[in-house]
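The values are calculated or read from the model by the stated rules, or taken from the named source; none is laboratory data. Everything numeric in this text was worked out from a predicted model, so none of it was measured. Cβ: placed from backbone, ideal geometry, glycine included. Neighbour counts: every protein chain shown. When the accessible area is computed, the model is the full protein with side chains, heavy atoms only, and any ligands, DNA or RNA have been set aside. Shrake-Rupley method; radii C 1.70, N 1.55, O 1.52, S 1.80 Å.
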Amino acid sequence: METLLVSPSSSSLSSSSASIPSFSPVQRSHNLHKNPIFLKPQNLSFTKLNRRTTPCAAQNMSSSAASASTDGPLKKEIKLWGGRFEESVTDAVENFTESISFDKALYKHDIMGSRAHASMLAHQGLISEKDRDSILRGLDEVERQIEAGEFVWRTDREDVHMNIEAALTDIVGEPAKKLHTARSRNDQVSTDFRLWCRDNIDIIVACIRRLQVSLLKLAMKNDGLIVPGYTHLQRAQPVLLQHLLLAYVEQFERDVGRLLDCKVRMNFCPLGACALAGTGLPIDRFMTSEALGFTAPLRNSIDAVSDRDFVLEFLSANSIMATHLSRLGEEWVLWASEEFGFLIPSDSVSTGSSIMPQKKNPDPMELVRGKSARVIGDLVSLLVLCKGLPHAYNRDLQEDKEPVFDSVKTIIGMLEVSTEFAQNITFNQQKIQKALPAGHLDATTLADYLVKKGVPFRTSHDIVGRAVAMCVSRNCQLQDLSIGELQNISPAFDEDVYEFLGVENAVKKFSSYGSTGSDCVASQLGYWAAKLDINRET
């Protein structure tokens with residue numbers, strides 16, 4: 001999967017005499033990465049420290065955070081915030097409170113924010129242009145090391161911000177110590193997280209578009225195919241399969257809208273809010289906001305560091321989308337069963353049984369249905385996390401990353417496999433056509449016929465109900481009743497009634513806007529083909 005990630009051009013940062021780089025939204029470079037959410041394991045090495053570890057601490061070391069580097073042990077560092085402390089935290093506390101095992105996913109956005117912040121500090125005269133250029137060159141080197149798999153992530157440096165800042169200090173020395181002027185990890189992490197979420201909304205929207213295109217192409221391949229429509233999982237009325245598939249396209253379009261709306265509200269910059277109260281230094285928050293492609297700085301510094309509405313809204317949109325995907329999965333799992341037999345998945349998207357050699361299971365869509373629970377659970381975790389927090393920042397908010405990362409990774413997987421499944425299924429037209437007569441699907445159309453003859457709908461409903469009862473007793477269809485038998489039930493019936501009977505005639509009679517009538521569905525297909533830029537002939 002190709003991914004659009006935002007990164008300032010490193011070439012504009014390499015010269016020691018470079019002018020202050022511009023990071024306007026128009027100039028955001030689009031670097032393509034195969035895995036946008038998490039780095040490959042080989043790019044994430046951790047170094048054990050030369051310290052005594054208790055059995056409890058050793059047991060609690062996360063496997064994702066503690067795979068040791070082969071470079072040998074390093075001496076435990078004094079914390080960047082450790083000036084007033086006389087002793088270091090215990091191993092158990094350090095291992096419990098570290099976040100580098102997961103927030104390293106924010107490295108690119110952390111470096112972006114630092115570039116913009118350093119440029120602003122120089123512009124405002126808070127650091128020299130020489131120091132700015134040293135910082136920018138050092139950040140380029142840190143990013144290069146990370147992406148080359150050479151960077152050593154250290155748990156004693158706690159998080160992505162302090163790992164990068166400490167590494168920057170190792171590279172450029174004293175100028176790096178000026179980078180944290182007029183910012184806190186509180187506004188820094190909120191900025192990083194908003195940038196990460198913003199980019200991943202774009203990735204998810206692109207995945208939704210691919211699924212919509214696959215569903216639309218599937219609809220185009222099955223022109224005119226009528227299937228039973230269901231309410232309460234009981235036969236209801238005949239519908240075109242195209243109409244049913246386009247119903248999912250419509251649902252996913254609302255998911256796109258929710259994500260883009262969320263992105264609009266998310267796109268405000270916390271940077272410069274510092275810990276919670278802002279700063280007395282002459283910073284320019286509008287400059288950093290513009291450099292990072294935000295709409296504007298957040299107005300209230302307390303709100304800027306404590307707000308997590310943007311992730312709650314993001315995960316809410318993901319949860320609704322997961323519900324849509326789960327419903328699609330459920331329908332296709334049912335339709336692939338022997339009892340329905342309407343859908344045939346290819347072998348490439350099916351699995352077998354370890355004990356029953358005849359089995360062919362639509363496992364991908366079962367897992368889509370199952371993984372929706374994870375996405376919904378991630379939202380619930382965040383809601384519970386945030387519900388009791390006082391203003392402003394609290395360490396609890398460190399726990400907001402993993403549910404968001406999991407939600408995004410899971411929803412992208414669900415979208416991709418649903419797209420793959422849609423591209424590798426066929427519909428069993430013979431089985432569907434054989435199944436159509438059951439259920440008297442044309443009964444409502446027959447009631448509409450009587451309404452056109454001037455019969456009140458409630459009366460026509462009763463008349464058709466008696467006609468259906470006659471068919472049930474005779475094991476026949478409404479179109480099998482003679483005109484005499486129909487007129488014995490109601491004199492309103494005439495010879496033209498047979499133009500309304502049978503599923504094909506019933507579908508032809510639907511004409512209201514948005515209905516399953518052939519002309520209406522053709523109009524819907526045309527709309528979506530234009531919107532998704534699909535050639536209807538392909």
Practice item. Go over the candidates 339, 313, 330 one by one and state the one that is at pLDDT below 95 and out of contact with any Ser or Thr (no Cβ under 7 Å at 6 or more places or on another chain). Key: 339
Point to revise | Yes/no for residue 351 being in the same structural domain as residue 311 (by the TED database) and open to solvent by 30 Å² or more (accessible area, probe 1.4 Å) | key: yes
Exercise for review: Working only within the stretch 91-110, note down all residues that are free of Cβ contacts under 8 Å to residues at least 60 places away in the same chain and either open to solvent by less than 10 Å² (accessible area, probe 1.4 Å) or in contact with a strand residue (DSSP E or B) (Cβ under 6 Å, 6 or more places away or on another chain) (or both).
Suggested key: none
Revision key, fill the gap. Conditions (1) at pLDDT 95 or above; (2) of a type in the set (D, E, K, R); (3) touching a His at 6+ places or on another chain (Cβ under 7 Å) -> residue 185 fails only (1)
Review point. Just checking, which of 141, 150 is charged (D, E, K, R) and part of a helix (DSSP H, G or I)?
Key: 141
Point to revise | Residue check for residue 174: at pLDDT 90 or above, outside the structural domain of residue 402 (by the TED database), over 30 Å from residue 299 (Cα atoms) and touching a Lys or Arg at 6+ places or on another chain (Cβ under 9 Å) | key: no
Study note, to complete from the structure: Within the stretch 290-301, the residues that are within 16 Å of residue 184 (Cα to Cα) and open to solvent by less than 70 Å² (accessible area, probe 1.4 Å) are 297, 298, 301
Exercise for review: Of the conditions (1) modelled with pLDDT under 50; (2) closer than 30 Å to residue 297 by Cβ, residue 61 clears all except one; give me its number.
Suggested key: (2)
Exercise for review: Could you tell me whether the stretch 221-235 includes any residue that is in contact with a strand residue (DSSP E or B) (Cβ under 8 Å, 6 or more places away or on another chain), part of a helix (DSSP H, G or I) and not charged (D, E, K, R)?
Suggested key: no
Review point. In this structure, does residue 249 turn out to be touching a residue at least 60 places away in the same chain (Cβ under 8 Å) and open to solvent by less than 70 Å² (accessible area, probe 1.4 Å)?
Key: yes
**Study point:** Subset of the stretch 482-538 (residues that are within 28 Å of residue 470 (Cα to Cα) and hydrophobic (A, V, I, L, M, F, W, C))
**Key:** 483, 486, 489, 492, 493, 497, 500, 501, 503, 506, 507, 510
Study note, to complete from the structure: Flagged in the stretch 126-148 as in contact with a Leu (Cβ under 8 Å, 6 or more places away or on another chain) and open to solvent by 20 Å² or more (accessible area, probe 1.4 Å), in numbering order, are 126, 137, 140
**Study point:** Count of the stretch 176-202 residues which are open to solvent by less than 10 Å² (accessible area, probe 1.4 Å) and under 20 Å from residue 410 (Cα atoms)
**Key:** 9
Review point. Somewhere in the stretch 505-512, is a residue in contact with a Gly (Cβ under 7 Å, 6 or more places away or on another chain), surrounded by 13 or more Cβ atoms within 10 Å (Cβ to Cβ), in contact (Cβ under 8 Å) with a residue 12 or more places away in the chain and among the aliphatic types (A, V, I, L, M)?
Key: yes
Review point. Taking the stretch 259-289 on its own, how many of its residues are crowded, with 21+ Cβ neighbours inside 10 Å and among the β-branched types (Val, Ile, Thr)?
Key: 2
Point to revise | Selection status of residue 472, surrounded by 19 or more Cβ atoms within 10 Å (Cβ to Cβ) and part of a helix (DSSP H, G or I) | key: no
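Condition check ((1) open to solvent by less than 30 Å² (accessible area, probe 1.4 Å); (2) in a loop (DSSP other than H, G, I, E, B); (3) of a type in the set (A, V, I, L, M, F, W, C)) across all residues:
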{"residue": "460", "(1), (2), (3)": "yes, no, no"}
{"residue": "464", "(1), (2), (3)": "yes, no, yes"}
{"residue": "491", "(1), (2), (3)": "no, yes, no"}
{"residue": "521", "(1), (2), (3)": "yes, no, yes"}
{"residue": "525", "(1), (2), (3)": "yes, no, yes"}
{"residue": "529", "(1), (2), (3)": "yes, no, yes"}
{"residue": "535", "(1), (2), (3)": "no, yes, no"}
Exercise for review: Please specify each residue of the stretch 243-298 satisfying the condition of being among the aromatic types (Phe, Trp, Tyr) and farther than 28 Å from residue 221 by Cβ.
Suggested key: 268, 286, 294
Study note, to complete from the structure: (1) modelled with pLDDT of 95 or more; (2) in contact with a helix residue (DSSP H, G or I) (Cβ under 8 Å, 6 or more places away or on another chain); (3) closer than 30 Å to residue 104 by Cβ; (4) surrounded by fewer than 18 Cβ atoms within 10 Å (Cβ to Cβ) all hold for residue 380 apart from (2)
Review point. Considering the stretch 398-430 alone, what residues qualify as being over 29 Å from residue 206 (Cβ atoms), open to solvent by less than 60 Å² (accessible area, probe 1.4 Å) and not in a loop (DSSP other than H, G, I, E, B)?
Key: 398
Practice item. Taking only the stretch 493-519 into account, find how many residues are hydroxyl-bearing (Ser, Thr, Tyr) and in a helix (DSSP H, G or I). Key: 2
Study note, to complete from the structure: Given the conditions (1) closer than 28 Å to residue 402 by Cβ; (2) open to solvent by 30 Å² or more (accessible area, probe 1.4 Å), every one holds for residue 310 apart from (2)
